[in-house]
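Below is one structure, written out as structure tokens; the observations come after it.
The numbers here are math on the coordinates, done by the rules we state, and not lab data. Predicted model only: the values in this text are computed from it and were never measured. Methodologically, a virtual Cβ is constructed for each residue, glycine included, from the backbone with ideal geometry; neighbour enumeration extends over all protein chains shown.
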Amino acid sequence: MYLNPTSEMVLTLSLTPCACGPVSHQEMARNTPSRVVSCHSDTKLLTMDVRSKPTLATLCEDVLLMISDFLGLLRPKGEAPVKSLSSVNRRLREILSPVLFRSLYINRPLSQLSRTPLTYEYASSLKIDMFGYMWWWCSGSYVSSTDALELFANTQRMSKLRRLEVSMMKRNLDIFVSAFEEVDDVQTFLLPGIETLVVTSAAAFFASHCPDLKRLIVEDAPSCMIETYIDIPTRLMPLQHNLVGTRLTQLTHFETSANWSAGEIAALVPCFPRLQYLHMRSDAFCYRASTATILELLGHNLKQLRVLKLNKVGSLPDMGYRALWKRSITACATEAQRRVLWAQNEARRVEAENNVVRLAFTHIETLHECWLGEERIARRAVGCDAIDSLSWVWQRSRENVDVYSQQSEWAAFGVEKEAAVVCSEVCT
């Protein structure tokens with residue numbers, strides 16, 4: 001059996017009859033070398049040994065599971081081909097049901113979750129939305145400490161759960177505070193096995209309940225933006241008194257939106273000594289601290305940081321770059337004049353970006369990648385770690401401008417602007 005993961009799936013099953021009659025499993029195992037069949041996907045690596053005596057039925061189930069993995073990767077948005085495939089007959093439903101229960105979403109208390117064993121045995125991702133489709137001013141479906149206790153109890157039952165998402169607002173904190181006061185046993189509220197946690201700001205305290213946490217993402221929905229701002233260290237403080245003082249020393253990935261003042265960064269980074277990936281989003285126009293101060297604080301405290309994602313250089317006003325005014329664009333009478341304008345603008349932008357990256361690689365010795373927005377990535381050149389020989393390679397992507405749908409002159413101007421972008425170059 002052969003699987004080509006980079007193009008299309010090719011399945012070849014060869015059954016060669018033996019001239020001497022039927023062959024026993026023992027003889028086949030002795031005469032047949034072991035072969036490994038692997039499926040490279042985001043869900044599993046399937047390894048099969050011929051010596052384990054697989055039956056034809058077992059082999060077909062493995063192939064069906066591989067097909068379901070590829071369907072999950074290639075499915076169009078809004079379609080559920082695996083779910084449709086599981087409805088064909090009873091056998092396919094039995095094989096594919098565990099696949100369907102890998103990812104769960106619920107906008108009600110977990111006590112209302114189905115008690116079927118599939119729910120708890122195969123779930124690897126769980127998203128809890130305490131508001132669902134209600135308005136932001138509603139109290140939500142979580143209304144008592146019992147709902148909070150059920151959340152921890154049912155989550156602990158999911159032995160394969162690795163990713164947890166919790167969406168809640170500040171008004172839900174009371175039910176968790178009450179639950180922590182009712183039960184003093186800290187083991188009741190621990191969620192071992194959770195490696196990725198995606199929460200809103202009000203639910204950031206869940207991080208202290210996940211002893212195996214590696215990736216923490218704090219992002220707020222638009223309905224949560226109306227709440228007053230709370231700095232990151234305060235958001236991450238545990239509500240359970242037995243967990244106070246817990247440090248997320250095992251965390252390697254962190255991203256959130258914040259004001260990013262110097263005091264906020266100085267109080268935060270000592271809690272993440274093993275951090276390797278940091279994404280500093282900002283809902284405001286710019287960071288509160290200067291770029292040089294931010295990079296100095298990160299370099300002093302994060303000795304294993306490899307990837308740093310910052311705002312676009314236009315949102316780093318202390319670096320000296322300003323985007324073009326629309327008036328200066330419309331003042332150009334011809335396309336040739338605009339090309340000169342775009343080239344000058346791109347040169348100023350590249351100069352400011354190089355200044356940021358130079359500071360980043362100088363202050364953070366372990367840094368390998370520095371992102372300025374989503375389209376511009378600077379990677380440290382191999383073997384150029386010393387300050388006197390520092391260099392980096394830019395990978396820039398041109399922003400897609402849909403001229404056909406917008407049908408405006410500004411869309412055409414956008415195409416001209418992106419044409420001036422140099423996609424790859426080496427800088428020092």
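Computed from label points 7 Å out along Cα-Cβ, the spacing between Gln344 and Ser424 is 3.1 nm.
The phi torsions of region 353-366, fed into the Karplus equation with coefficients 6.51, -1.76 and 1.60 and a -60° offset, translate into couplings of 5, 5, 5, 5, 5, 4, 5, 5, 5, 6, 7, 10, 5, 8 Hz, rounded to whole numbers, with Gly and Pro shown as x. Reported value for region 252-428: 126 Å³ per residue, from the convex hull of its C-alpha atoms. With the alpha-carbon atoms of region 161-217 aligned to their principal axes, the span from lowest to highest coordinate is 28, 25, 15 Å, starting with the largest. In terms of other Cβ atoms within 10 Å, Thr366, Thr291 run from fewest to most in the order Thr366, Thr291. For region 101-229, the spread of Cα coordinates along the three principal axes comes to 38, 31, 29 Å, biggest extent given first. The length gained on full extension between Leu390 and Arg281, counted as 0.36 nm times the residue separation minus their Cα-Cα distance, comes to 36.5 nm.
Could you tally the net charge around Glu150, taking each other residue with its Cβ under 14 Å from the Cβ of Glu150, Lys/Arg +1 and Asp/Glu -1? Intermediate values should be presented prior to the final figure.
On the way: positive: Arg108, Arg115, Arg157; negative: Asp147, Glu182.
Net of charged neighbours comes to +1.
Considering only Ala207, Phe254, Pro192, the residue lying farthest towards the positive end of the dipole of region 192-285 is Pro192, judged by Cα position with unit charges set on Cβ. For Lys127, the residues whose modelled amide H falls within less than 5 Å of its own, excluding neighbours fewer than 5 places apart on the same chain, are Leu104, Tyr105, Ile106, Glu165.
For the cross-link pairs Lys303/Lys417; Lys160/Lys312; Lys214/Lys303; Lys160/Lys303, which exceed 28 Å when the distance is taken from alpha carbon to alpha carbon? Beyond 28 Å: Lys303/Lys417; Lys160/Lys312; Lys160/Lys303. Count Lys and Arg as plus one, Asp and Glu as minus one, and take only other residues whose Cβ is under 10 Å from that of Arg281; the net charge is then -2.
Between Ala289 and Ser261, Ala262, the built amide H atoms are under 5 Å apart, and every one of these is 5 or more places off in sequence or on another chain. By other beta-carbon atoms within 10 Å, ranking Ser145, Ser424, Ser103 with the fewest at the front produces Ser424, Ser103, Ser145.
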